[in-house]
Each structure stands twice: as structure tokens, then as C-alpha cells.
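Taking it in order: structure first as C-alpha cells, then the write-up.
The values are calculated or read from the model by the stated rules, or taken from the named source; none is laboratory data. Keep in mind it's a predicted model, so treat the numbers as computed, not measured. Virtual Cβ from ideal backbone geometry, glycine too; neighbours counted across all protein chains shown.
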Amino acid sequence: MSKSWHPETIAIRGGRQISDFSEHSQAVFMSSSFTYPTAEDASRLFVGEQEGFTYSRTANPTIMAFEQRMAQLEGAERAVATSSGMAAIHATLVSLLKQGDHLLSSHSLFGSTSSVVNNMLPRYGIEVTCVSPVDLSAWEAAIQTNTKVLFLETPSNPLGEVADIRALADLAHKHGAVLIVDNCFCTPAVQQPIALGADISLASATKGIDGHGRAIGGIVCGSNVLIEQVWNHVKTAGEIISPFNAWLLSSGLETLFVRLERECSNALTLARWLENHPKVEKVYYGGLESHPQHALAKEQQRMFGVVVAFEIKGARKEAWHVVDSVELFSRTGNLGDVKSTITHPYTTTHCRVSEEGKAAAGITESLIRLSVGLENVADLQADLEQALARM
Ligand SMILES: *Cc1c(COP(=O)(O)O)cnc(C)c1O
């Protein structure tokens, strides 16, 4: 890779693996194993003295192409791709924590992530404390001598709370811990956590990285030392991505920047319009001047993301009615898709979070979450207008 390439160029040309056939498009190597010229080569490959591929649970050229492109985009030394975003999160946490360690986490987490943090890790003997992502003094007060990892999503799902990555990285490092940021809501087109001091940036690649709602996958980016630890877990536990999905995700990256630019601009237009709508109580979007962390969002993100959440003047019945009345938005939980989506977090994405957990994270029955796609923004606005009118 040329060192002077800009991110838009890396998203298209970074990490390409070209075979002897000189194909222009990245090839898909759907091969479970790779052959060795001689027994001696095999022995050198297996102990890592010789570079090459042996078996696709440990490494594969198509997966490597995706990993290298992602590492370059996140400004990381190395990346490992996993079978899902949850595999990325679980593999990273269990490979960096052990029995007796303490995890300090944000309480504003994706539903399944919250289950890993609050239900699974304690069964392995890992202590967990959860705090508000935006209350720096709460993070400081909750640090313990055995705190090894700080973990958060920013912006958070679904309310878009923005945590101060630089301040939390400094806090982690002062206490010999590492900071892990779930960068799913931004993708590297919008935010680079590692440049702000985070040790690991991970994400569900299912969302904005694929961008077309086709494949499940995850990615973990960081230093050689940390990613070696995560990779050792991933290859042993069998959490690696399929080469076919890695190929789809690499092609998703080729349009990442243009997609995100238009989607974020559509999202800002809708957020501004919703904020003045008489049937809307409150809009949560980092791009609005009314957002409590608007200044921080402007500082650490290039744009404000594709997710807009809003509370309607009503309760669950009215919120469900709006969700059921849209004709263009898709009723589904996916986000970061070129197709705009709508969901009711309280009864879908966050249904398994406890009542107290939902209350602490501010997820009410009147909340609706949008992921804004690439349709013409006037059509999206008209669809919401007619749905709100029927409320
Ligand atoms: C979707 C999502 C995940 C989980 O990713 P999968 O690919 O569905 O396993 C984790 N974190 C956030 C913020 C998400 O939106």
C-alpha cells in the first residue's frame, strides 16, 4: 500500500490479494485447506517459520484481504475478522480477561452485548461494573486494582450518547488497562477510535461495512500484540468468518465513504425535520445542536451517523402504530443498510434488557429508532409524515 493513500482509496484498493491470474476483482478462495509442496514445508508452515496458508479456520487469502483493508482504515497494525459482531465482542473480551479480572463497561450496550457482559462473563469469574458512557467521574470512581478492560459503544445504541474516547483512553492507560471501542455505529469512515487513543476498535461488519444487508460478520482491529491474543482465541474456538462473507464485506467497503456521506446527510435532514414536528417529543441525534454531546461528537467524528432515535408524544400503542404505518421504511432491526429501517427498540433490539437496564439507558416505550439509508430524503420524510399523521 502506498503510505500517501487517503482513506477513500484504501477502502477500494487496500489489502488486495491478487493471484497468478491477475484478476481485477478480489477473488474468493472457497478452500477449506491449502496443500504443501513437501512435508518439510508443512512442518515449517505449521510452526509459523514459513508464511502461507494451511487451513481456513486459521487464515485464508480472502479473509486476509478484508482484514488488511480494515486494519488500514482503522489505523491499526492488524485485524482479525470473525463470524459475527457478537463473535468479535465475545472473542475480544474473553481473550483479554481471565478469572479474577474486572471489566468496566458502559451500560448503554446493544442487547446481546449486554448479555455477554452481564450474564456470560460473570459465569467465568470476571467481575463487571456498568456505568453511564457520558459520566467520566463514574468511570473514574469505578476503577479497581484488577480493572483490565474498559469497554463502550459510541455513539450508543439507540440514543446516540457520545463518550469521550480520548479521556477514557487516558484513564484506562493510567491504570494499566486497555480501552475497547465498539465502532459499529460509525465505521472508520466516520470515526477512528485508535487515532483517539483506544487500543482496540471492533465492530459488527453486518451493519455499515456490508451496507447492503447481505452478510453477518465482525472485525477486531488493534496492535499486533493484542490482535495475536484475539486471533489465537478465534482460530482455536472456530469463530473465524467465512471467506465468502469476507469477500462480500470487502466489496461493501468499496462504497463505504460515498454511502456514509449521503446516509449521514439524509439522517441530519430527517433529525432536523423531526425535531420541529408537533407529534415528536424529543429527537436523539449527535448532529443536532440540542444534543448534550454535540460539541464532542463534532470533535471526534467526521459526521454524525445513520441512526436517528425519537420519542413520540404517546406510549407503546402510538409508537407501534407509527412503525406499522410506514410504507417505505423497512420494519427490521438491521442498521447501516442502504435501505432505511424502522424499529421499536423497547420490544425488539432491547427486549431482553432488564426493566432497570432499559430505564438506566433511557429506552422508553415511546421511542422509535431509524437507520437512514440512500433513498431520496424527500421520500423518507413524506413516509414519516404520513405515518405520524395517522397516529
Ligand atoms: C449489531 C450489533 C452488534 C452485534 O453484531 P452481529 O453482527 O449482529 O453479531 C454489536 N454491537 C452493536 C452496536 C450492534 O449494532
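Being crowded, with 21+ Cβ neighbours inside 10 Å, more than 16 Å from the ligand (Cβ to nearest atom) and within 15 Å of the chain's Cα centre (by Cα), is that true of even one residue in region 207-218? No: zero hits.
Quick check on PHE34: is it surrounded by 15 or more Cβ atoms within 10 Å (Cβ to Cβ), away from the ligand (no atom under 16 Å from the Cβ) and without any contact (Cβ under 8 Å) to a residue 40 or more places away in the chain? So PHE34 fits the description; yes. Counting only strands (runs of 3 or more DSSP E) that sit completely within region 76-165, those holding 2 or more residues that are touching a residue at least 40 places away in the same chain (Cβ under 8 Å) and within 14 Å of the ligand (Cβ to nearest atom) correspond to 78-82, 102-106, 147-153. Of the set (1) over 15 Å from LEU384 (Cβ atoms); (2) more than 16 Å from the ligand (Cβ to nearest atom); (3) surrounded by 17 or more Cβ atoms within 10 Å (Cβ to Cβ), all apply to HIS294 but (3). Provide a single number: the residues in region 279-292 that are of a type outside the set (Phe, Trp, Tyr) and in a loop (DSSP other than H, G, I, E, B). Number satisfying all stated conditions: 8. Looking at region 256-278, is at least one residue part of a loop (DSSP other than H, G, I, E, B), under 22 Å from the mean Cα position of the chain (by Cα) and at pLDDT 95 or above? No - not one qualifying residue is present in region 256-278. Just wondering, is there one or more residues in region 293-303 that are modelled with pLDDT of 95 or more, assigned to a helix (DSSP H, G or I) and more than 27 Å from the chain's Cα centre (by Cα)? Checked against the condition, which is being modelled with pLDDT of 95 or more, assigned to a helix (DSSP H, G or I) and more than 27 Å from the chain's Cα centre (by Cα), region 293-303 yields no hits at all.
Residues in region 6-53 that are assigned to a loop (DSSP other than H, G, I, E, B) and aliphatic (A, V, I, L, M): ILE18, ALA27, VAL28, MET30. Evaluating LEU196 against the criteria (1) on the phi < 0 side of the Ramachandran plot; (2) buried (at least 23 other Cβ atoms within 10 Å of the Cβ) leaves one unmet condition, (2). A residue that is surrounded by fewer than 21 Cβ atoms within 10 Å (Cβ to Cβ) and assigned to a loop (DSSP other than H, G, I, E, B) occurs nowhere in region 61-74.
Taking every residue in region 358-387 that is closer than 24 Å to VAL258 by Cβ and pairing it with any residue that is among the small types (Gly, Ala, Ser) and part of a helix (DSSP H, G or I), at least 6 positions away or on another chain, the pairs with Cβ-Cβ distances below 6 Å are VAL372/ALA267.
When GLU327 is tested against (1) in a helix (DSSP H, G or I); (2) surrounded by fewer than 22 Cβ atoms within 10 Å (Cβ to Cβ), exactly one condition is not met: (1).
Taking region 219-241 as the range and being touching a strand residue (DSSP E or B) at 6+ places or on another chain (Cβ under 9 Å), outside any loop (DSSP other than H, G, I, E, B) and within 16 Å of the ligand (Cβ to nearest atom) as the test, the residues that pass are ILE219, VAL220, CYS221, VAL230, VAL234, ILE240.
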